[in-house]
Amino acid sequence: MLIAAGCKSSSSATAELAAKVNGHPITMAELDKQFKARTQGAQQAPAPEEVTDLKMQLLNQMINDEILMEMAAAANLSASDSEVDLKFNEFKTQYSEEAFQEQLKAQQMTVDDIKRELRKTQSVEKLVNKEITSKISVSEAEIKEFYDKNKDSFNLPPGYHLLHILVTPVPDGDVKNGKHDDAKTPADAAAKAQKLLHDIQGGQDFAVVAREYSEDANSAPAGGDLNFLTLEAVAQIDPKLGEVVKQLKIGETSPIVQSRYGFHIVKLVEKDPGGQKEYSDARVKAQIHQMIAGRKDQTLKNAFSELARDKAQVTNYLAERVLATAGK
């Protein structure tokens, strides 16, 4: 009876815990909060049978993050308050105050929660940069070998380097332009697009206008830069836009093009004729260097995380409870 009572007491004592890492608790409340933040706004909510598996995956990530956070602290690499505040201010400027408060409410998070996540991200990044990224090297021989094995993949169709402005005809909570400007009706969107085109034709810098007013959340922060696209890729956005781009001269800005997404304005920065790219092409070498370095980086990160976890004391209470309820 005493043994049974002890087991029951121990079980209830850990019921609120998801895991422990070197004595540091990760609570179920923390896990649930992270889970809600990650799944909030998803087009389709996870099915009930998926929830436990997704939580297990998220908990595994939280365990790894805690291990790396402790390693960063031991190496005196924890992000400082000023570093966190700087990143927080950069993050917050993506939203108006109203939109920012709506995001906090939707994800059930506080400013302190966001700063805690930023501190974790920055601390781990500093640790990884010191232990991994700074030690990665890619030799000329590796680049040449990759090119020789993959030469056919560098025989490319013509490419168009475009800057892009999009104005959508519906409210968008994910707008990331500098002015937090969002057209909310088709009439507002048409008028806004016309004004932006007029400003550009009047001499304003396209990239600055895109950064301040474009409603394309992906490209606006980069001044509307879409980098190089094929005509086929442009035509997938809208065939009319592909035809317009095909006729542009370098440095020329398009008229307004309407698609199912809204109103587009594009500028052709440069054009690549395509064809077989030779090894001597600096862009080819840079692209291959980035690919090889990225693969090495990911491999080393995985190995580093595994070894770090091997040295840590981890108890996964959620996994224990999942196994204990198997078949029930």
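The values are calculated or read from the model by the stated rules, or taken from the named source; none is laboratory data. Note that this is a predicted model, so its numbers are computed, not measured. Glycine also receives a Cβ, built like all others from the backbone with ideal geometry; neighbour counts cover every protein chain displayed. Note: accessible area is taken over every heavy atom of the protein model, side chains too, but ligands, DNA and RNA are not part of it. Shrake-Rupley method; radii C 1.70, N 1.55, O 1.52, S 1.80 Å.
Some notes on this structure:
- Hits in the stretch 148-162 (condition: in contact with a Leu (Cβ under 7 Å, 6 or more places away or on another chain) and either aromatic (Phe, Trp, Tyr) or closer than 30 Å to residue 102 by Cβ (or both)): 160
- Subset of the stretch 104-140 [open to solvent by 60 Å² or more (accessible area, probe 1.4 Å) and not in a helix (DSSP H, G or I)]: 108, 110, 137
- Of all residues in the stretch 101-130, those that are on the phi > 0 side of the Ramachandran plot have Cβ atoms under 8 Å from Cβ atoms of residues that are part of a helix (DSSP H, G or I), 6 or more apart or on another chain, in 108/33; 108/36; 108/37.
Conditions tested, residue by residue: (1) open to solvent by 40 Å² or more (accessible area, probe 1.4 Å); (2) of a type in the set (Val, Ile, Thr).
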{"site": "26", "(1), (2)": "no, yes"}
{"site": "30", "(1), (2)": "yes, no"}
{"site": "34", "(1), (2)": "no, no"}
{"site": "56", "(1), (2)": "yes, no"}
{"site": "69", "(1), (2)": "yes, no"}
{"site": "75", "(1), (2)": "yes, no"}
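- Tabulated pairs, the stretch 300-328, first farther than 17 Å from residue 63 by Cα, second assigned to a helix (DSSP H, G or I) and open to solvent by 80 Å² or more (accessible area, probe 1.4 Å), C-beta under 9 angstrom, 6+ apart or interchain: 300/135
- Unique residue being among the charged types (D, E, K, R), within 15 Å of residue 181 (Cβ to Cβ) and at pLDDT below 95 when the list is 232, 212: 212
- Any pair with Cβ under 6 angstrom, 6 or more apart, that starts in the stretch 253-276 at a residue that is without any contact (Cβ under 8 Å) to a residue 40 or more places away in the chain and farther than 30 Å from residue 154 by Cβ and ends at one that is open to solvent by less than 20 Å² (accessible area, probe 1.4 Å) and polar (S, T, N, Q): none
- Being at pLDDT 95 or above, open to solvent by less than 70 Å² (accessible area, probe 1.4 Å) and more than 22 Å from the chain's Cα centre (by Cα) holds for only one residue in 250, 265, and it is 265.
- Restricting the stretch 77-90 to residues that are small (Gly, Ala, Ser) and open to solvent by less than 70 Å² (accessible area, probe 1.4 Å), the residue that is farthest from residue 322 (Cα to Cα): 80
- Evaluation of residue 193 against (1) within 18 Å of residue 263 (Cβ to Cβ); (2) touching a Phe, Trp or Tyr at 6+ places or on another chain (Cβ under 8 Å); (3) open to solvent by 50 Å² or more (accessible area, probe 1.4 Å) (one fails), failing number: (3)
- If the condition is being touching a residue at least 60 places away in the same chain (Cβ under 8 Å) and touching a Lys or Arg at 6+ places or on another chain (Cβ under 8 Å), then the stretch 58-94 contributes 63, 64, 67, 94.
- Every test in (1) outside any helix (DSSP H, G or I); (2) free of Cβ contacts under 8 Å to residues at least 12 places away in the same chain is passed by residue 184 save one, and that test is (2).
- Given (1) at pLDDT below 90; (2) surrounded by 13 or more Cβ atoms within 10 Å (Cβ to Cβ), index of the condition residue 171 fails: (2)
- Restricting 165, 200, 143 to residues that are surrounded by 17 or more Cβ atoms within 10 Å (Cβ to Cβ), hydrophobic (A, V, I, L, M, F, W, C) and assigned to a strand (DSSP E or B) narrows the list to 165.
- Going through (1) in a loop (DSSP other than H, G, I, E, B); (2) touching a Phe, Trp or Tyr at 6+ places or on another chain (Cβ under 8 Å); (3) in contact (Cβ under 8 Å) with a residue 60 or more places away in the chain one by one, residue 160 falls short only on (1).
- Any hit, the stretch 215-235, residues being touching a Gly at 6+ places or on another chain (Cβ under 7 Å), surrounded by fewer than 20 Cβ atoms within 10 Å (Cβ to Cβ), of a type in the set (S, T, N, Q) and closer than 28 Å to residue 156 by Cβ: yes
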